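Enquirer: Handing you a structure now.
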Amino acid sequence: MQITPQQWSFWEKDLYLQGIDVTVLGAGIVGLSTAIFLKQLRPSWKIQVLDQWTLGGGATTRNAGFACFGSPTELLSDLTNQDEETTFQLVQARWNGLQLLQQTIDIGLADYTPCGGYELFFPEDAEAWERVEKQLPYFNLMTKSVTGVDHAYQVLTPGQSKLPFHDLKQVVYMHHEARIHPGKMHQLLVSKAIGLSVPVIRGIEVEHLHTDGEMVQLTTPTHGILRTRQVVVATNGFTPRLLPDLDIRPARNQVLVTEPLPDIKWDGTFHYQEGYVYFRRIGQRILLGGMRHIDRQAEMTDNLAQTTVIQEALEHFLRHRLLNGRDVRITDRWSGILGVGGQKLPILQRVAPNVIVAARLGGMGVALGTGLGRQAAELTIS
Ligand SMILES: Cc1cc2nc3c(=O)[nH]c(=O)nc-3n(C[C@H](O)[C@H](O)[C@H](O)COP(=O)(O)OP(=O)(O)OC[C@H]3O[C@@H](n4cnc5c(N)ncnc54)[C@H](O)[C@@H]3O)c2cc1C
């Protein structure tokens, strides 16, 4: 049954329509974290989370589950696009965000596994490797200064790494990286919010928001107009639909998962070419995703379809680099939407007296999301 504005019961109206202090738009890691921290800061406030999708979650339940803070080629790329301070501020935010996530939910229940991470270099990456090799001592120094971690990046020969990938030339090992089950992480955040009496209402899309400075009106195609004293917009890659003037654009990431492959022995989170390609194990399966850099324009979309160009490129990499030419069955394919922009730091901004935006997490939301949510909560009460 579809509840129309005329069909709200007295009780529903009382709970979900009247006297709402803050509506958080988006039930991903940022929106849920915002709601959780906000409720802890202001227990008497009436706070609710709305999401357009029945499962909620957006990129949060569709990502690869890397708990990571920056591979060397990603850092190199960041340093060409932004200054040193911003680059390592982002490393620090990722590191701190992962600690905060661990304090917020029991991440053991989300299959958190400190498996270590690797950046890989094949023959075509010789130039990138040359630059990385020169910069690694500097990256270690800077990373230590912002995280306290010693030797975050270690060079391994392919032999030392014991990785069986075809034509592998160089490896950088990042022993502090981990992997997580993003779906379970999301479920734990939802449970925590609900446990704090924050309703997480799914299946309501907000098409338009309007503020008169006192109240914000959220126009929905299915549930009429909802009113709230403040709104936190945590819609990440979908934000341009509501607030097109901000520097946030959608970027699609496509993923595939193989059938179980009993002979896989390696484990870890794997990064390739500035993080544009990534893979990991899920049990005996391989999850492989990314490649949006080979079809950049087409992937700047919030359409969740998959394309032949990207899927074939992923399959080619899988077959020739990871499986020595072997064909395997692909059991799952999906897409998710990132929020990206001219800069890599997320946007946390009060765009109107009672409208705050917390979005643009690129491919780093597992690490950045909880911290951004806490900052958004603090900004909301300021
Ligand atoms: C394929 C893929 C792999 C990734 N891998 C990793 C990784 O390994 N590690 C990592 O750190 N990050 C990764 N990321 C990035 C990470 O998933 C995101 O940065 C993070 O999930 C963003 O969280 P969020 O809460 O800001 O947005 P989302 O999780 O996208 O949540 C936004 C929510 O807003 C809702 N919404 C949007 N518009 C509206 C509207 N108008 N009305 C109502 N609801 C609305 C959406 O339905 C969505 O649920 C990956 C992303 C993708 C797509």
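Okay, residues lined up against (1) touching a Ser or Thr at 6+ places or on another chain (Cβ under 7 Å); (2) assigned by TED's automatic domain parsing to the domain that holds Lys46; (3) surrounded by 15 or more Cβ atoms within 10 Å (Cβ to Cβ):
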| site | (1), (2), (3) |
| --- | --- |
| Gly195 | no, yes, no |
| Gly203 | yes, yes, yes |
| His223 | no, yes, yes |
| Val231 | yes, yes, yes |
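Enquirer: Just need a number here: residues in segment 75-104 that are among the aliphatic types (A, V, I, L, M) and open to solvent by less than 10 Å² (accessible area, probe 1.4 Å).
Expert: The number of residues fulfilling the criteria is 4.
Enquirer: Next question. Out of the residues in segment 282-306 that are within 18 Å of the chain's Cα centre (by Cα) and either of a type in the set (D, E, K, R) or part of a loop (DSSP other than H, G, I, E, B) (or both), state the one that is nearest to Glu124 (Cα to Cα).
Expert: Once the filter is applied, the top-ranked residue is Met291.
Enquirer: Among the residues of segment 45-67, write down those that are near the ligand (Cβ under 6 Å from one of its atoms) and polar (S, T, N, Q).
Expert: The answer is Gln52, Thr60, Asn63.
Enquirer: Sort out which residues of segment 149-169 are hydrophobic (A, V, I, L, M, F, W, C) and open to solvent by 30 Å² or more (accessible area, probe 1.4 Å), and write them in order of number.
Expert: Val155, Leu156, listed by residue number.
Enquirer: Sticking with this structure for a sec: Would you confirm, using the coordinates I've provided, whether Gly369 is part of a helix (DSSP H, G or I) and surrounded by 19 or more Cβ atoms within 10 Å (Cβ to Cβ)?
Expert: On the way: part of a helix (DSSP H, G or I): yes; surrounded by 19 or more Cβ atoms within 10 Å (Cβ to Cβ): yes.
Judged against the criteria, Gly369 is a match.
Enquirer: Pick out the one residue from Ile180, Ile248 that is surrounded by 18 or more Cβ atoms within 10 Å (Cβ to Cβ), modelled with pLDDT of 95 or more and within 25 Å of Met300 (Cβ to Cβ). Before you say what the answer is, go through the steps one by one.
Expert: Numbers: Ile180 fails: within 25 Å of Met300 (Cβ to Cβ).
Being surrounded by 18 or more Cβ atoms within 10 Å (Cβ to Cβ), modelled with pLDDT of 95 or more and within 25 Å of Met300 (Cβ to Cβ) holds for just one of Ile180, Ile248, which is Ile248.
Enquirer: For Thr269, are the conditions met, namely being among the polar types (S, T, N, Q) and under 15 Å from Ala64 (Cα atoms)?
Expert: It is true that Thr269 is among the polar types (S, T, N, Q) and under 15 Å from Ala64 (Cα atoms).
Enquirer: With the requirement that a residue be surrounded by fewer than 18 Cβ atoms within 10 Å (Cβ to Cβ) and either under 23 Å from Gln82 (Cα atoms) or touching a residue at least 60 places away in the same chain (Cβ under 8 Å) (or both), what does segment 349-366 give you?
Expert: Gln349, Val351, Ala352, Pro353
Enquirer: Here's another thing I want to ask about it. With the condition kept exactly as written, say whether any residue in segment 124-145 is exposed (fewer than 12 other Cβ atoms within 10 Å of the Cβ), outside any helix (DSSP H, G or I) and not assigned by TED's automatic domain parsing to the domain that holds Gly283.
Expert: no
The values are calculated or read from the model by the stated rules, or taken from the named source; none is laboratory data. All of these numbers come straight from a predicted model, not from anything done at the bench. Every residue, glycine among them, receives a Cβ derived from its backbone with ideal geometry; neighbour counts consider all protein chains shown. All accessible areas refer to the heavy atoms of the entire protein, side chains included, with ligands and DNA or RNA removed. Shrake-Rupley method; radii C 1.70, N 1.55, O 1.52, S 1.80 Å.
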